[in-house]
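Remarks on the structure that follows.
Read-outs throughout are calculated quantities, based only on the coordinates presented, and are distinct from any laboratory measurement. Given the structure is predicted, the values throughout are model-derived calculations rather than measurements. Every residue, glycine as well, gets a Cβ built from its backbone with ideal geometry; the counts of neighbours run over all protein chains shown.
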Amino acid sequence: MTLPYPPNTAVMNLPRRDAKDKLLGRTRYTVDESSHGMLHAAARRSETASGRIVKIDVTPALSMPGVKAIATREDAPGLHGIGIADHPLFAKDVVRYHGEPLAVVAATTLAQARAAAAAILVEIDPIAPILTMAEALAKDAPLIHPDWASYEILREGAARGGNIAWEATVVRGDTDAAFARDDVILVEGTYRVGRQSHVPFEPRAVVAAYEDGRFHIHTSTQVPWTVRHVTAKILGVPEAAVHVTVPAVGGGFGLKFDCSLEPFAAILARKTGRKVSLVNSRREEQMTCLSRENADILIRSAVTPEGDIVGREATVLMDCGAYGGEQVFLTTMTAHTLGGNYRLGSVKIASQAVYTNTPPNGAFRACNGVYNTFALECHTDEICKAIGMDPVAFRRRNVVGDGDIGATGQVFEGDVLGPMLDLAIDTYGPHERAKKGPDGRLYGRATTVGTWFIFVGPSSATVNLNVDGSATLVTSGVEIGSGTMVQSLPQIVAANLGIHPDAVIVKTADTDASGRDLGVGGGRTTVSIGAASQEACAEVRSKLLAVASQMLQTPQDDLVLAQGRVEIRDRPGSGTTIQTVIAQAELEHGPISGSGAFTAPGIPAMPGCAAGHFIDAIDIPVFAVHDCDVAVDPDTGKVEVLAYRVIQDVGRALNPRAIHGQIQGGVTQGIGYALHEEITINAEGAFDQTGFSSYRIPTALDTLPIDYHLYEGAPSCGPLGTKGAGEVPILNVGATIACAVANAIGTPVNALPLTAPRVLGLIDGLSSGVDLAHLSRHWHENTIAFSE
Amino acid sequence: MVLTLMINGDPVPYHGDPRRSLLEVLRDDLHLTGAKDVCGEGFCGACIVQIDGVPKVSCLLPVGRLAGAEITTIEGVSNSETLTAVQKAFLEYDVVQCGMCFPGMVLSMTHFMAENPSPTRAELKSAMTGNICRCTGYERIIDALLSLGSNGLGPVEEVRP
Ligand code: FES
Ligand code: FES
């Protein structure tokens, strides 16, 4: 597409307009909402991971001081979910995880609501919980969802059964033949990762009201339209009866990419006729965090001595917890992450969401890409060791480039990873041998590659041009902290209309004002909302220029919009202000506005390769090359990251400084994941880590200045060739640190996080490894679709 | 119990349980929501206020102990016309993301910079461990603070072409 303006006019380090109030403590997040007469709600949650509900008696709680209403399973009979409707709002006949909601209470004060919630009489007959995927997949394992076959299917095409909520498979080419070749070397790797908790500083929170027969939900979410849809579905009301608004969100990282507390507050608002605030306590937030899931991964590869990967078979088990949730969708991504990066002669991949009696998991920045990249890159280094090839040379030989096909047979456009790898080695120098330093520590380095994607899909935008020459951008975009709504979007609109970004007013998300949108996540905002905004601007431009053309007696094609004026091309000062044109337009036609829409272009996959996928091919791949140096103390197992470097495929960097902020922050979250953020599940099925003191996120002493290079020019259908840049910085951090540690200690790494005791175990040869006895080396035996 | 709290220079009468945390009183009773309730256990620093000029986590501070103390919250530090040097540097260096940690960050770092006008990067990092941030990865905040230092470093070049 040719742009009607020089693309560089959209590129600038525009400061954030919301920073000042955030620094002054004036920004009102959902947790800061308060108004006279607002009620406070508290949940009663199950303290049993699995059991049959014998009784929930709210009578004693109802008569407690301040209590205005209590909602229970009777108030929300419907089921919701992604792909399959398997999730009730309140536990119905059985509880399936520790922390599952049983009731919510609205009272005058929070203390009263909590006291009443505790006073509800609950009797549960415990059933032995299934806490691991190995137990869930055991032959005679009891079913966590005995009624799984009767659930409403929201998306057709996946194999399901037993405790497997969803299965996505890829079969391309003949791996059996590849593995049977007599010239190949077989390499097998098993990997295990734990959960990661988002810890957004603002927990999930909502204020709901019921006014004029409609629900007004003011909430801390990334997905206003999902909240609207799911709330309506659960309450059994028309979607049009739900109005969602979103103020500044105090951190999301994917946790808020689903409907969460909103329906509870909505029910209580309708029961009481009052505003109801429901905020997770930090303990609840941690204990029910829709974490990045724990996973078990088996990869087997057949590689020629020259370094061609002729066959690859992989099985990835993703723990979805008690309900399918986001993991059902995320099974899709394994094909593009674990099955990504490299050219594969033939490939079979199974990716399964497995039910357990543990808190449900969810989406977290670059989701399963983070651990699939960890497993794939560790496995790649093990291949290099097995065939005696340099890891950078192997990667350079095998990374996908222009015209190569991916796991599902999609054809990639452009050479991106190859040049990025070259740039890394040119910039940071060739690898030296791992060595022991004079300080006794073991030094290692690794360079890894990663593939992620932009989650495109529907977005809409309206642009109203105001009489004062400003423009109002109306979308459902939410500012979750990444800056997209206050930086790249006003920059795009301003460049299109020839005005300053400060003259672009960005409306906060409001489903009554804006069109539908998939939400803020998956790196999609700049791309999808940006493209819709650009289309809306095109309509505004053409209306504006039609009037200006008459006024200036000049063909439209010879007019340019710049600095708030319409000028005749190459004759600065010849035209007039856009206010004058807007005034004339009002006289002739009325006010000027435009609307725009965007959706996924739908890149094709090879027919018949993929089953159970939500996306068969990725519309906008995003690539990353990471490189790091570590030192490992062999006496303590402590890992220090000495240098960390990122080369990130950004398409075009609209606000380089803001992208730097995302890289610094995303890599730091990745360091936490790689080294010390750990969740353990106890015999009760609850997380041991209940807050900041037990779940350790990085402090300033745990990170370092991240070196970075923004790689521009890779193809993208995003506006001005942009790709989202906020999600992907975390993608290969676990991988790169693990590979560098393996390089340093000379022992393969197969689990994250690399806490000091785990590293010490590897060094001492004590750690038993990850055997994954519940996975067969005969790939088809791990599947539902292909097992005889 | 009745006591008078001095909050941002104003006397504020308090009748109630002296064991309640200052954070709760600020947020729930006085609607001063700049201090954030994030961890509730003294770990994150998002609830920091200054008590007689010294940063303290308000989530662990019973109001009953504060009679006569000067309490300064983020709302009392400045107004939009007179941002402090630390706030200005944070603004100029575009370091804010979700913003939830920044009220506490501003109050601790303002105090730290006043006591240590020429900090090194390492000193700043140690000083910042009481203020956890989930979004930013800290280093750009440190760059912003180093630009204020009188140690001859001057502004840190932070944007590359
Ligand atoms: S809320 Fe007080 S230190 Fe975290
Ligand atoms: S900016 Fe989000 S917690 Fe610091």
Quiz item: Which ordering of A:ILE679, A:ILE592 is given by a fewest-first count of other beta-carbon atoms within 10 Å?
Solution: A:ILE679, A:ILE592
Self-check item: Cα-projected label distance for A:ASP176 with B:VAL54, points at 7 Å along beta-carbon direction, nm
Solution: 7.6 nm
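Ratio of Rg to Rh for segment B:3-77, alpha carbon only, Kirkwood?
Working: Rg = 10.8 Å, Rh = 11.9 Å.
For segment B:3-77, the value is 0.91.
Stretched out fully, how many nm does the piece from A:GLU156 to A:GLN556 gain, at 0.36 nm a residue minus the Cα gap? Intermediate values should be presented prior to the final figure.
Numbers: separation 400, 0.36 × 400 = 144.00 nm, distance 4.92 nm.
Here the answer is 139.1 nm.
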Self-check item: Rh by Kirkwood over Cα pairs, then Stokes-Einstein D for chain B at 1.002 mPa s and 20 °C, µm²/s
Solution: 131 µm²/s
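Using only alpha carbon pairs under 8 Å that are at least six residues apart, calculate the relative contact order of segment A:26-129 and give it in whole percent.
Over segment A:26-129, the number comes to 46 percent.
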Quiz item: What length, rounded to one decimal in nm, is gained on full extension from A:ASN466 through to A:SER63, with 0.36 nm per residue of separation minus their alpha-carbon distance?
Solution: 139.6 nm
Quiz item: What is the mean projected area of the alpha carbon convex hull for segment A:606-722, to one decimal in square nanometres?
Solution: 12.2 nm²
Exercise. Enumerate the whole-percent occupancy of each 10 Å bin, from 0 to the last occupied one, for all C-alpha pair distances of chain A.
Key: 3, 14, 23, 25, 19, 11, 5, 1, 0
Exercise. Beta carbons within 10 angstrom, averaged per residue: use that to sort the peptides A:430-439, A:228-237, highest first.
Key: A:228-237, A:430-439
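May I ask you to work out the translational diffusion coefficient for segment A:597-669 at 20 °C, viscosity 1.002 mPa s, via Stokes-Einstein with Rh from the Kirkwood sum over Cα pairs, reported in whole µm²/s?
Diffusion coefficient, whole number: 131 µm²/s.
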Quiz item: Could you state the principal axis extents of the C-alpha atoms in segment A:457-598, from the largest down, to the nearest angstrom?
Solution: 46, 28, 23
Self-check item: chain A, helix-only ellipticity at 222 nm - DSSP H runs n ≥ 4, -39,500 (n - 2.57), divided by all residues, nearest 500
Solution: -7500 deg cm²/dmol
Quiz item: Full extension from A:ALA583 to A:ALA683: what is 0.36 nm times the residue separation minus their Cα-Cα distance, to one decimal in nm?
Solution: 28.9 nm
Quiz prompt | Cβ neighbours within 10 Å from other chains - mean over A:25-31 | solution = 6
Practice problem: Calculate, axis by axis, the spread of Cα positions in segment B:82-158 along the three principal axes, and write the results as whole Å, longest axis first. | Solution: 31, 25, 23
Quiz item: Expressed in nm², what is the orientationally averaged projection area of the convex hull enclosing the Cα positions of segment A:689-782?
Solution: 11.4 nm²
Quiz item: How high is the FRET efficiency from A:GLU211 to B:GLU123, r the C-beta distance, R0 56 Å, rounded to 0.05?
Solution: 0.55
Quiz prompt | Proximal lysines relative to A:LYS92, as straight alpha-carbon distance under 16 Å, when same-chain residues fewer than 8 apart are discounted | solution = A:LYS55
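In what sequence, highest mean first, do B:16-26, A:718-728 appear when ranked by Cβ atoms within 10 angstrom?
My ranking of the peptides, most packed first, is A:718-728, B:16-26.
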Quiz prompt | Relative exposure of A:THR108, B:THR73, judged by other C-beta atoms within 10 Å (fewest first) | solution = A:THR108, B:THR73
Practice problem: Return the aspartates and glutamates within reach of A:LYS139: Cα separation strictly under 16 angstrom, same-chain partners fewer than 8 residues apart disregarded; answer none if there are no such residues. | Solution: A:GLU781, A:GLU788
Exercise. Would you mind estimating how fast segment A:387-515 diffuses translationally, via Stokes-Einstein at 37 °C and 0.692 mPa s with the Kirkwood radius over Cα pairs, in µm²/s?
Key: 168 µm²/s
Quiz prompt | chain A, relative contact order in percent, only Cα pairs under 8 angstrom and at least six apart counted | solution = 16 percent
Quiz item: In whole Å, what is the distance between the alpha-carbon centres of segment A:663-689 and segment A:16-67?
Solution: 25 Å
Quiz item: What order do you get for A:ARG45, A:ARG28, A:ARG541 when you list them from fewest to most C-beta neighbours inside 10 Å?
Solution: A:ARG28, A:ARG45, A:ARG541
Quiz prompt | nm² value of the averaged projected area, convex hull over the Cα atoms of segment A:31-98 | solution = 6.7 nm²
Quiz item: Over 22 Å between Cα atoms, which of A:LYS233/A:LYS256; A:LYS385/A:LYS435; A:LYS256/B:LYS56; A:LYS20/A:LYS507 qualify?
Solution: A:LYS256/B:LYS56
Quiz item: Hey, what did segment A:529-674 get for relative contact order, percent, Cα under 8 Å, at least 6 apart?
Solution: 17 percent
Quiz item: Which net charge results for the neighbourhood of A:SER593, defined as the other residues with beta-carbon distances under 11 angstrom from its beta-carbon, given Lys and Arg at +1 and Asp and Glu at -1?
Solution: 0
Practice problem: Can you pull the one-decimal nm distance between simple spin-label points at A:VAL411 and B:GLU92, each 7 Å off the Cα toward Cβ? | Solution: 5.3 nm
Quiz prompt | Cut-off 20 Å (backbone N to label point 7 Å along Cα→Cβ of A:ASP635), residues of segment A:412-455 | solution = A:435-444
Quiz item: How would you rank A:531-537, A:47-53, highest first, on the average number of other Cβ atoms within 10 Å across their residues?
Solution: A:531-537, A:47-53
Practice problem: Ignore the peptide's own chain and count Cβ atoms of other chains within 10 Å of each Cβ in A:665-673; give me the average, rounded. | Solution: 3
Self-check item: Cα-projected label distance for A:ALA118 with A:VAL54, points at 7 Å along beta-carbon direction, nm
Solution: 2.3 nm
Quiz item: Across peptide A:10-20, what mean number of C-beta atoms from other chains lies inside 10 Å of a residue's C-beta?
Solution: 3
Practice problem: Search the structure for amide H atoms under 5 Å from the amide H of B:LEU61, placed 1.01 Å from N in the peptide plane, and list their residues when 5 or more places away or on another chain. | Solution: B:LEU22, B:LEU23
Quiz item: Can you pull the Rg over Rh of segment A:82-197, Cα-only, Kirkwood?
Solution: 1.14
